[in-house]
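Scroll down for the structure; my scribbles are underneath it.
Bear in mind that the values in this text are calculations on the coordinates, not laboratory data. Keep in mind that this is a model prediction, so the values were computed, not measured. Here the Cβ positions follow ideal geometry from the backbone for every residue, glycine too, while neighbour counts run over all protein chains shown.
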2 protein chains.
Amino acid sequence: MKSFRVLHRDAHTRARAGELITAHGTVQTPVFMPVGTQGTVKAMTPADLVGLDVRIILGNTYHLMLRPGHEVVQDMGGLHRFAAWPRTLLTDSGGYQVFSLSHLNRVEEEGVEFRSHLDGSRHLLTPELSMQVQAALGSDICMALDVCPPLPSAREEIEQAVDRTTRWAQRCRQAAAPGQTVFGIIQGGVHRDLRQRSAEELMALDFPGYAIGGVQVGESPQEALEVASFSADLLPEERPRYLMGMGTPEDLLDLMEMGLDMFDCVLPTRNARRGTLFTSRGRISIKRAQYLRDPAPLDPDCSCYTCRTFSRSYLRHLYRAGEILAARLNTLHNLHFYLDLMSRARQAILADDYGAFRRRTLQQMAEVS
Amino acid sequence: MKSFRVLHRDAHTRARAGELITAHGTVQTPVFMPVGTQGTVKAMTPADLVGLDVRIILGNTYHLMLRPGHEVVQDMGGLHRFAAWPRTLLTDSGGYQVFSLSHLNRVEEEGVEFRSHLDGSRHLLTPELSMQVQAALGSDICMALDVCPPLPSAREEIEQAVDRTTRWAQRCRQAAAPGQTVFGIIQGGVHRDLRQRSAEELMALDFPGYAIGGVQVGESPQEALEVASFSADLLPEERPRYLMGMGTPEDLLDLMEMGLDMFDCVLPTRNARRGTLFTSRGRISIKRAQYLRDPAPLDPDCSCYTCRTFSRSYLRHLYRAGEILAARLNTLHNLHFYLDLMSRARQAILADDYGAFRRRTLQQMAEVS
């Protein structure tokens, strides 16, 4: 990452508009990053993503280190070249998937031992290896390896996770290659004091950006938003703030109001493949019988290829027939919806109108959903 | 169909180049028609197909009458509008799938009774209904309902199929709506005299185009090509000749030499989804370990998006990871390969060089396969 600047703060909320510059271009914030789990945002080509003006995508360290292997990706010129992605790339640390996908994981001070969900092979993910893998992938923004206990967990366990996360963050900084950008991740569960301690300890390490991790891991949606809100205020004003792995359009509207800058979530792409589509008037489950002869576009307010070209009737048919094109057209639409929402939010922030924009948008989305 | 003209005959073979004009544009022949089974060429958007300069696709009457139902497609403005396909559309009669996919089909003089492969519901497909369904779909070129016995069958059964095919062809002509273009289909198995009788009886009905049906239904590949060859000579010079449901690139090179004009086959699209890719140097099975670190494009001679953008290494990764993008990129490439082959064949015909072109191309394709 070359630089990050906050360009404007909304006059009435904590929302802010900024600009993040990397070797692969400029990312305007707040930004939603589509998830490219296995070196592809599912069903999309890089050309599709550029067509949507996606500026940054996320790649998953865990998946790519296991298949095809980070050495393979490195030999092929890094993930940018391998996947033909010309713009900014952020990779996670691999930690989250180790905890959620792998078998028999065991956390020790050295790292996390786990078995691959693909073939059962045994691996040890350490802070140093996470840095090395992300460097091999050639990521523009790497994430430090953190310890993310599921909720509810005993306060003591969360406290230990915070402490270990700090020690691992330090090891990540030390292991980072020259020029490798690493963001720190704060933990602390729903405990305000632990979040504060985590933030302070990481800020002492002076990362160029900070993420809030360990949200939506078992707590209520309301608790998750509260954690995000008070954690956002713990982070430095002049650095990008990334809320990991969340959320719905409604969540994003809330999270932007808290002054958070970066977001990622599988929701738009996964929901698309399952036939749940986001529109300006709420969610549509395209498989429903009511759309059998519906000649209207998915979202009459949307300008994406799917909405410009096809009817709900056709999209329902594709989905019910299990056609690949359903996944494609639905993903294109949902990503366009998310990107457009972020873009309009940013305009509202720049116009000191974010609060009204948020209320108006939430109201409209509630009409159908 | 508005017109068909043979523009040029190769000086040394039976191959010919022509032009077929419909309400939805001009189709240069010989032509390969991608198969759009359920109202979509699998994994492709209409924009992709237009990008490949596909001028005509095939839709399946059987699939669309069962799901979403031809009345639904008609209510949505016909298949062109429903699927946003702006160019020429040919539909089959539904007969082939009734025989191959449905359960408990029974052929009687009135039509074929069958049970849907989707829900077991009972249907009767008659020549009149096939015409009505294809009219509802709004097809530019409709196919007559024929009787296609599997091979081997007793000569007597094939003879009865020929006779019934003629009677059904007559009923199709009578049932056709004003302006509805219907092609006749000749049957007769591997029997030269029965093929001749079928061709003569159908030509007496004066169809604007003729298809050779009942090939690759159990006979050897060599027999199929022999049937195609002598059947082609039975058909009128001035009408388009369509060989149904076949074949490989090698087959197409043979079939074009026989003076056949139109072809369809699921091979390029189905093989693509299964990881078998056609290249100028033969077939590639992309899942093979040898491509793990292969930085080369699939086919260095190919100019498609897939070959311009991605390595074999990446394509192998996508295929092994089960990514939707694998199906997309592979389909795009295989269709491009087929379209390009046809386009170069046509140029060779126009240059009176088809024989040499065929030999050269076959030789090159044999290098790897």
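Would you mind putting A:249-262, A:13-26 in packing order, based on average other-beta-carbon counts within 10 Å, highest first?
A:249-262, A:13-26
Using the basic label-point model (7 angstrom from Cα toward the beta carbon), what is the A:Ala177 to A:Gln160 distance in nanometres?
The modelled label-to-label distance comes out at 3.5 nm.
Would you work out the relative contact order for chain A, in percent, from Cα pairs under 8 angstrom that are 6 or more residues apart?
18 percent
Which value in nm describes the separation of the simple spin-label points at A:Ala289 and B:Ala11, placed 7 Å from the Cα toward the beta carbon?
If labels sit at A:Ala289 and B:Ala11, their model points lie 6.8 nm apart.
Let me confirm one metric for peptide B:305-313, namely the mean number of other chain beta-carbon atoms within 10 Å of its residues' beta-carbons.
3
Mind ranking B:226-237, B:129-140 by how tightly packed they are, going by the mean number of other C-beta atoms within 10 angstrom, highest first?
Values: B:226-237: 18.2, B:129-140: 23.7.
Output ranking for B:226-237, B:129-140: B:129-140, B:226-237.
If you take every DSSP beta bridge fully contained in the protein assembly as shown, what fraction is antiparallel? Give it as a percent rounded to 5.
In the protein assembly as shown, approximately 50 percent of DSSP beta bridges are antiparallel ones.
Partner chain Cβ atoms within 10 Å, averaged over the residues of B:36-44 - can you pull that number for me?
4
Name the cysteines of the protein assembly as shown that stand alone by the Cβ rule: no other cysteine Cβ under 4.7 angstrom.
A:Cys142, A:Cys148, A:Cys172, A:Cys265, A:Cys304, B:Cys142, B:Cys148, B:Cys172, B:Cys265, B:Cys304
Could you work out, residue by residue across A:284-294, how many beta carbons of other chains sit within 10 Å of that residue's beta carbon, and then give the average as an integer?
Mean number of neighbouring Cβ atoms from other chains: 1.
Are there DSSP H segments in chain B that both extend 18 Å or more along their axis (alpha-carbon positions) and score a mean Kyte-Doolittle hydropathy of at least -0.5? List them, or say none.
Long hydrophobic helices here: B:221-234, B:324-350.
From the label point of B:Gly77, set 7 Å along Cα to the beta carbon, how far off in nm is each other copy's matching point, shortest first?
Nearest to farthest, the other copies are at 4.2 nm.
Highest first, please rank the peptides A:357-367, A:269-279 by the mean number of other Cβ atoms sitting within 10 Å of their residues.
Details: A:357-367: 14.6, A:269-279: 20.5.
Result, highest mean first: A:269-279, A:357-367.
At 1.002 mPa s and 20 °C, plugging the Kirkwood radius over alpha-carbon pairs of the protein assembly as shown into Stokes-Einstein gives what diffusion coefficient in µm²/s?
Calculated translational D: 75 µm²/s.
Using unit Cβ charges (K, R positive; D, E negative) and no other charged atoms, how large, in debye to the nearest 20, is the dipole of the stretch A:1-139 about its Cα centre?
Using only the charged Cβ atoms, the result is roughly 500 debye.
From the label point of B:His8, set 7 Å along Cα to the beta carbon, how far off in nm is each other copy's matching point, shortest first?
In ascending order, 6.1 nm.
Any chance you could list the semi-axes, whole Å, largest first, of the equivalent ellipsoid that the Cα gyration tensor gives for the stretch A:248-369, using √(5λ)?
27, 14, 12
Cross-link partners among aspartates and glutamates for B:Lys2, C-alpha distance below 20 Å, same-chain residues fewer than 8 apart left out?
B:Glu19, B:Asp92, B:Asp140, B:Asp206, B:Glu237, B:Glu238, B:Asp261
Under a Cβ-only charge scheme (Lys and Arg +1, Asp and Glu -1), can you give me the dipole magnitude of chain B about the Cα centre, in debye to the nearest 20?
With Lys and Arg at +1 and Asp and Glu at -1, about 1480 debye.
So if we plug the beta-carbon distance of B:Asp233 and B:Glu110 into 1/(1 + (r/R0)^6) with R0 = 51 Å, what FRET efficiency do we get, rounded to 0.05?
The computed FRET efficiency comes out at 0.90.
Based on the alpha-carbon gyration tensor of the stretch A:122-272 and its eigenvalue square roots a ≥ b ≥ c, which shape applies: rounded if a/c is under 1.5, prolate if not and a/b is larger than b/c, or oblate?
rounded
Measure off 7 Å from each Cα along the Cα-to-Cβ vector at A:Glu250 and A:Ala204, then give the distance between these two points in nanometres to one decimal.
Modelled inter-label distance: 4.0 nm.
In chain B, which residue puts its Cβ closest to the axis that turns chain B onto chain A, and how many whole Å away is it?
B:Ile324, 3
For B:Arg122, place a label point 7 Å from Cα along the Cα-to-Cβ direction in every copy; what are the distances to the other copies, in nm, shortest first?
6.4
Once the Cβ-Cβ distance between B:Asp75 and A:Gln364 is put in as r, and R0 is 30 Å, what FRET efficiency do you end up with, to the nearest 0.05?
The formula returns an efficiency of 0.50 here.
Taking Cα pairs under 8 Å and at least six residues apart, what relative contact order does the stretch A:64-199 come out at, in percent?
22 percent
I need the shape label for the stretch B:100-165. Rule: rounded when a/c is under 1.5, else prolate if a/b > b/c, else oblate, with a, b, c from the alpha carbon gyration tensor. Show your work: numbers first, answer last.
On the way: a/c = 2.11, a/b = 1.28, b/c = 1.65.
Because a/c hits 1.5 or more and a/b fails to exceed b/c, the stretch B:100-165 counts as oblate.
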